[in-house]
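Notes for the one structure printed next.
The values are calculated or read from the model by the stated rules, or taken from the named source; none is laboratory data. As the structure is a computational prediction, the values presented were derived from the model and not from experiment. Please note: Cβ atoms are built from the backbone with ideal geometry, for glycine as well, and neighbour counts cover all protein chains shown.
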Amino acid sequence: MGETWPKYPIEVKDGDDPTYGPSKNDRSLLGAERGTQKARRLQVDADRNLYITIGADGRSESLLYSASLSSIAASTPTAFSAYSVPSAQKIYRVEVTGSGCTDFTLRINAGDIGFKQTNIEMGVTFEFEKGYPASFGDDVDVVVEHSVAGKTKDFKLFIYGA
């Protein structure tokens, strides 16, 4: 079935970063936290199904662009100044916040690719798990329209990607 339990430390030398459990008599599978010797147990349920978590995809997401709008009147669709993509990149997240209940439309090159409405939370996030592929020169913007009659509202836009 499996190999016998190794003798410490002789039989674990020359391997990939050996990991020692709290007690060398523990009969469980261990993994090492990457770049450390911190042991982490692999967990199974009563039917021996392995619990796993897929790690991050290694992307280093950063803020690509931010903008704000002030004193926007009700029922007046208004676009943030467009973010013009400087080179091919992926957009992972677009966050928009405001000071009132609002409709938000995410656009790329004037084509609608997402629509969300707020109520109590006053902000929305458009997320692209694998990244939205944007090309050089693409214009990314968000159109806001609130319906609080007689009031003006303020909004902020944040675009994250790599």
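Going through the stretch 113-144 one residue at a time, which ones are at pLDDT 90 or above and acidic (Asp, Glu)?
Answer for the stretch 113-144, where residues must be at pLDDT 90 or above and acidic (Asp, Glu): GLU127, ASP138, ASP139, ASP141.
Which residues, taken from the stretch 106-132, are among the polar types (S, T, N, Q) and crowded, with 17+ Cβ neighbours inside 10 Å?
Hit for the stretch 106-132 is THR118, nothing else.
Looking at the stretch 96-106 only, could you name the residues that are at pLDDT below 95 and within 16 Å of LEU64 (Cβ to Cβ)?
VAL96
Can you tell me which residues in the stretch 80-105 are closer than 28 Å to GLY150 by Cβ, buried (at least 16 other Cβ atoms within 10 Å of the Cβ) and charged (D, E, K, R)?
GLU95, the sole residue that qualifies.
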